[in-house]
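Chemist: Before anything else, here's the structure in question.
The values are calculated or read from the model by the stated rules, or taken from the named source; none is laboratory data. In this text the structure is predicted, and so the values were computed from the model without any measurement. Glycine also receives a Cβ, built like all others from the backbone with ideal geometry; neighbour counts cover every protein chain displayed.
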Amino acid sequence: MENLKSLSVLYHRTTLNYFPPMTLLNLITYTGIFVFAATGAFKARTYQMDIFGASVLAFVTAYGGGTLRDLLIGVRPVNWVNDYLALGLVFSATLITFIFKLNYDRFKRTIFITDAIGLGLFTAAGIEKSILLGVNEMYAVVMGVITATFGGMLGDVLCNAVPNLFKRGELYATACAIGGVVYVLLRKAGFEQNTNLILCVVIVVLTRIISKWKRVELPEI
């Protein structure tokens, strides 16, 4: 009887590890993984990579920022280890991109929109996860920016392209920082966590899209 109980507890823990409960934070995280993986796969299509190269680029784009965040904070193992759902989302995004054929101009628009959404989702998730792990609010914003931007930067480097993070006239990391600061201010004001997460995502996405549309840019050094 004791053995059966121990096995039941072990199975329950293992299942939670592989398929965690779907809180809003986890929903935002997994949606961000799928969106960024799709961004990486779309980018692979524009560089005429095969499906293996697309899978690698999707994986790096989806996990690069979160992995660096976990390494800096000291989380072991890093976020994607043993997470079957996240891994499945990456390969699903790659497969969907492989199946649906779109023209190059539509790819460029799709990459920009999915990237903007991914930025918002990962900024919010990165900040909240950092705070839950004991990082103070100022550095949690930094961790949120790293989570949102470094996967895309690594993907661009693998494609031998100038990362959006460094392009003139791109409010990229700045959009994440603006959303992150708003998130912290809302948190200090006592707003509910889910409200903070949603507003952070919306602000980052809108800032990124509007700044591109209106050609808003930071001054040169």
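Chemist: Regarding Ile111, is this residue buried (at least 18 other Cβ atoms within 10 Å of the Cβ), at pLDDT below 85, among the β-branched types (Val, Ile, Thr) and within 19 Å of Ala173 (Cβ to Cβ)?
Modeler: On the way: buried (at least 18 other Cβ atoms within 10 Å of the Cβ): yes; at pLDDT below 85: yes; among the β-branched types (Val, Ile, Thr): yes; within 19 Å of Ala173 (Cβ to Cβ): yes.
Spelling it out, Ile111 is indeed buried (at least 18 other Cβ atoms within 10 Å of the Cβ), at pLDDT below 85, among the β-branched types (Val, Ile, Thr) and within 19 Å of Ala173 (Cβ to Cβ).
Every residue, every condition in (1) buried (at least 22 other Cβ atoms within 10 Å of the Cβ); (2) assigned to a helix (DSSP H, G or I); (3) touching a Gly at 6+ places or on another chain (Cβ under 6 Å), yes or no:
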position	(1), (2), (3)
Ala93	yes, yes, no
Asp115	yes, yes, no
Met138	no, yes, no
Leu154	no, yes, yes
Val201	yes, yes, yes
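Chemist: Look at segment 118-151 and say how many of its residues are without any contact (Cβ under 8 Å) to a residue 60 or more places away in the chain and within 17 Å of Asn26 (Cα to Cα).
Modeler: Taking segment 118-151 and keeping what is without any contact (Cβ under 8 Å) to a residue 60 or more places away in the chain, we get 131-132, 134, 136-142, 144-145.
From what's left, within 17 Å of Asn26 (Cα to Cα): 131-132, 144.
So the count comes out to 3.
Chemist: Return yes when Ile210 is part of a helix (DSSP H, G or I), of a type outside the set (Asp, Glu) and surrounded by 15 or more Cβ atoms within 10 Å (Cβ to Cβ) and no when it is not. Let's see the steps before the verdict.
Modeler: Numbers: part of a helix (DSSP H, G or I): yes; of a type outside the set (Asp, Glu): yes; surrounded by 15 or more Cβ atoms within 10 Å (Cβ to Cβ): no.
When the stated conditions are applied, Ile210 does not pass them.
Chemist: Of everything in segment 79-91, what is over 11 Å from Phe34 (Cα atoms) and either modelled with pLDDT of 90 or more or in a helix (DSSP H, G or I) (or both)? Give them in sequence order.
Modeler: We begin by selecting, within segment 79-91, every residue over 11 Å from Phe34 (Cα atoms); these are 79-84.
Listed by number, the list holds a single entry, Tyr84.
Chemist: Could I ask something else about it? Determine which member of the set Gly120, Gly180 is closer than 21 Å to Ala86 by Cβ and either touching a Pro at 6+ places or on another chain (Cβ under 9 Å) or among the small types (Gly, Ala, Ser) (or both).
Modeler: Matching residue, one of Gly120, Gly180: Gly120.
Chemist: Which members of segment 19-46 meet the condition of being more than 14 Å from the chain's Cα centre (by Cα), more than 17 Å from Asp115 (Cα to Cα) and in contact (Cβ under 8 Å) with a residue 24 or more places away in the chain?
Modeler: Once the filter is applied, which keeps residues that are more than 14 Å from the chain's Cα centre (by Cα), more than 17 Å from Asp115 (Cα to Cα) and in contact (Cβ under 8 Å) with a residue 24 or more places away in the chain, segment 19-46 yields Phe19, Pro20, Leu24.
Chemist: Quick check: is even one residue across segment 43-58 modelled with pLDDT under 90, within 22 Å of Gly144 (Cβ to Cβ) and part of a helix (DSSP H, G or I)?
Modeler: No, there is no match, as no residue in segment 43-58 is modelled with pLDDT under 90, within 22 Å of Gly144 (Cβ to Cβ) and part of a helix (DSSP H, G or I).
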